[in-house]
Amino acid sequence: MPVFVPKFRIDLWIHLALFAATFTVYFQTSTFDFVNYDDPDYVTHNAHVRGGITADGLLWALTSGDAANWFPVTRISHMLDAELFGLRAGWHHLANVLFHALAAMLLFAFLQRATHARWPSAFVAMLFALHPLHTESVAWVAERKDVLCALFWFLALWAYVRYTERPGLARYSIVLFAFGLGLMAKPMIVTLPFLLLLLDFWPLRRGPATKKADERKQSRLRPGKLSILLEKLPFFALSAAAAVTTIVVQKGSGAVEALLATVPIALRLQNACVTYVLYLAKTLWPTGLAVFCPYPAEVPAWQPLLAGLAILAISGLVWAGYRRFPYLAVGWLWYLGTLVPVIGLVQVGSQSRADRYMYVPMVGPALMLAWGAVDVIRRWPRAKVPIAALAVAGCACCVPLTWTQLGYWRNSELLYDHALAVTSGNSLAEHNLGSYLLDIPGRLPDAIRHLQAALRITPDSASAHSDLGTALAKSGKPAEAIPEYQAALRLNPDSAIVHNNLANALQEASRLPEAIAEYQLALRFDPNYGDARQNLAIALRAPAPDSAEAHYSAGVDLSHAGRLTEATTQFEAALRMRPDFAEAQNNLGVTLTQIPGRESEALAHFQAAVKAKPDYSDARFNLGVALSQIPGRMPEAIAQLEAAYRLNPDPELRQTLDRLRSAR
């Protein structure tokens with residue numbers, strides 16, 4: 001006798017399966033880093049977000065158009081993460097995973113309630129949860145806006161179905177409220193009113209009742225066409241307001257004008273046609289996924305021609321069968337319509353396409369596939385088992401593909417290495433990879449190579465010239481860094497940071513008057529720039545540049561400012577002029593102990609300082625500490641510390657000496 005399982009329990013198990021599958025695949029992101037593309041602007045370098053939930057921060061979130069976007073709900077979610085978890089990247093990633101899992105569950109709840117077709121709805125939701133195309137939206141902290149927007153999007157659709165079952169102000173307000181939150185998470189949801197009209201056609205089948213008896217018996221109220229349109233007016237009004245706000249913010253940032261100037265409208269139209277087809281291809285065969293896809297210099301004429309014909313052909317077939325197969329029309333128009341805001345006709349950024357833009361649009365093709373399978377089974381019942389097996393296999397195949405794609409998001413180096421492997425002419429990937437390697441010990445040559453590659457592709461990038469200048473300066477090549485900083489300033493003359501960095505390079509190249517002028521320019525553009533003010537003070541106090549004392553003084557100031565490599569250069573210059581300069585020897589040794597990979601060089605300088613000045617207590621102390629870290633040299637270390645204590649009977653020195661004696 002078959003066991004009866006209540007329907008609500010089956011739905012509950014499906015919800016749990018969606019949640020568990022999502023976390024199983026995406027939990028690895030808890031060990032991932034932030035990446036250096038948008039994450040600094042949105043989180044790690046954003047003072048408002050790092051400060052957590054504050055009154056000033058909330059006001060900023062509600063009014064800010066930073067990064068050419070207005071999405072206060074997304075900004076507040078980042079602030080809440082910072083309040084709860086600080087800058088521990090894993091928790092920020094897991095918050096994205098949670099929102100993604102909840103969005104998948106709401107998608108299932110909406111589809112199941114609207115269609116009463118449990119398993120097709122479960123298939124669409126599971127495909128949404130696990131498809132590799134969605135990796136970018138979930139694994140990228142800066143794409144919190146995607147997962148939040150989808151969460152409110154599907155909540156609004158679910159609430160709309162409830163409203164159509166029993167219309168009322170309360171239920172209508174919930175739909176409108178969820179839509180408003182979605183707009184404040186990411187304005188891509190502006191197409192929702194059109195989706196609501198599609199749902200009225202199928203599966204809700206709202207509108208004037210026909211003469212068929214079965215339709216007259218349907219439980220849903222069937223308003224007239226005018227009523228259906230009128231109830232959408234507040235939604236269209238919100239969409240219009242959000243669209244205007246977005247355009248104003250983006251134009252204010254100059255992002256739209258920059259794209260229009262570099263990418264002609266004809267190229268954008270051609271790219272849009274090709275992209276519509278490419279997204280479908282990547283849905284079926286998700287390969288070559290990358291964080292950034294650059295615009296091609298040109299699109300071969302046959303590509304947009306064939307893509308346009310394919311779009312027209314599919315549209316024609318869908319139109320011809322829209323009465324018999326309404327789900328095909330809804331799925332196809334869902335796909336075409338939800339992509340309109342991000343298809344590239346007007347957008348922020350120089351990408352030709354992006355995986356994240358398929359986050360919600362992919363539901364459309366999935367609907368066509370799932371309910372097409374239902375029709376096939378209805379006509380040929382024997383196909384039920386093979387089709388069910390194919391559906392399970394399709395979702396299962398997504399798991400290793402998504403797992404592999406996720407691995408590229410572990411850190412910036414892996415992310416951009418993969419992007420460079422699957423794209424060409426990718427200046428952004430070269431630049432961001434070079435910038436990331438700048439701060440990794442021993443990787444400066446690689447950083448310079450990637451930054452130079454970025455400039456070969458995009459020679460008018462001010463930020464790439466500036467970063468290359470920094471890499472060269474860190475490599476001890478100030479003469480080569482200076483032209484790069486100057487090139488950056490020709491492209492962006494108002495950058496206080498670049499003026500300051502140029503001044504540092506000029507000072508290291510012994511061009512002090514020019515350095516002072518650049519520090520002053522940096523402060524003119526940013527009067528609150530503390531580093532520039534400190535560096536200017538150091539430069540103004542510098543004695544004659546050709547004396548050992550001048551180099552020593554500059555080294556001390558630079559060391560206190562944390563500019564250790566430059567400080568080392570100054571101390572070495574002082575010692576070339578005066579090898580017996582005990583203070584320079586000692587301070588050079590101290591500085592070297594703070595530079596990774598150069599600690600072993602410090603010992604010789606401490607010994608030289610003691611030799612030049614035997615009564616130099618600090619030098620003997622530093623020599624003793626350095627010797628204590630070398631196996632077998634503890635007796636020498638203690639002897640130096642005892643001599644230092646005799647010269648300067650300091651209590652802390654005595655404690656250090658006693659600790660080393662007891663450890664012997």
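The values are calculated or read from the model by the stated rules, or taken from the named source; none is laboratory data. These numbers were taken from a predicted model, which means no experiment stands behind them. Don't worry about glycine lacking a Cβ; one is built from the backbone with ideal geometry, like all the others, and counts go over all protein chains shown.
With respect to D526, is the statement that it is surrounded by fewer than 15 Cβ atoms within 10 Å (Cβ to Cβ) and not aromatic (F, W, Y) true? Considered against the rule, which asks whether it is surrounded by fewer than 15 Cβ atoms within 10 Å (Cβ to Cβ) and not aromatic (F, W, Y), D526 comes out as no. Where helices (runs of 4 or more DSSP H) sit wholly within the range 50-121, those with at least 1 residues that are closer than 30 Å to F8 by Cβ and not aromatic (F, W, Y) occupy 89-115. Inside the range 567-589, residues that are buried (at least 24 other Cβ atoms within 10 Å of the Cβ) and either touching a residue at least 60 places away in the same chain (Cβ under 8 Å) or among the β-branched types (V, I, T) (or both) make up a count of 0. If you go through the range 385-412 and pick out every residue that is surrounded by 17 or more Cβ atoms within 10 Å (Cβ to Cβ), of a type outside the set (S, T, N, Q) and under 30 Å from L438 (Cβ atoms), you end up with 3. Screening the candidates D66, D33, D39, D81 for the property of being modelled with pLDDT under 95 and charged (D, E, K, R) yields one hit, D66. Taking each residue of the range 184-197 that is free of Cβ contacts under 8 Å to residues at least 40 places away in the same chain and looking for partners that are among the aliphatic types (A, V, I, L, M) and surrounded by 20 or more Cβ atoms within 10 Å (Cβ to Cβ) with beta-carbon atoms closer than 9 Å, six or more apart or interchain, yields L196/A156; L196/L157; L196/V175.
Pairs meeting the criteria (first residue in the range 303-320 and farther than 18 Å from L269 by Cα, second residue not acidic (D, E), beta carbons under 6 Å, at least 6 apart or on different chains) are V318/L328; V318/A329; V318/W332. What about W334, is it over 22 Å from P187 (Cα atoms) and either of a type in the set (A, V, I, L, M, F, W, C) or modelled with pLDDT of 95 or more (or both)? Considered against the rule, which asks whether it is over 22 Å from P187 (Cα atoms) and either of a type in the set (A, V, I, L, M, F, W, C) or modelled with pLDDT of 95 or more (or both), W334 comes out as no.
Only helices (runs of 4 or more DSSP H) whose full extent lies in the range 589-664 are considered here, and the ones with at least 3 residues that are polar (S, T, N, Q) are 617-628, 651-663.
Of all residues assigned to the range 465-487, none qualifies as being part of a loop (DSSP other than H, G, I, E, B), among the acidic types (D, E) and either touching a strand residue (DSSP E or B) at 6+ places or on another chain (Cβ under 6 Å) or in contact (Cβ under 8 Å) with a residue 24 or more places away in the chain (or both).
Examine the range 322-340 for a residue that is in a helix (DSSP H, G or I), without any contact (Cβ under 8 Å) to a residue 12 or more places away in the chain and more than 17 Å from F194 (Cα to Cα), and state whether such a residue exists. Within the range 322-340 (the criterion being in a helix (DSSP H, G or I), without any contact (Cβ under 8 Å) to a residue 12 or more places away in the chain and more than 17 Å from F194 (Cα to Cα)), the answer is no, since none of the residues qualifies. As for the range 321-331, it holds at least one residue that is in the same structural domain as L148 (by TED's automatic domain parsing), modelled with pLDDT of 95 or more and either over 22 Å from S121 (Cα atoms) or under 32 Å from the mean Cα position of the chain (by Cα) (or both).
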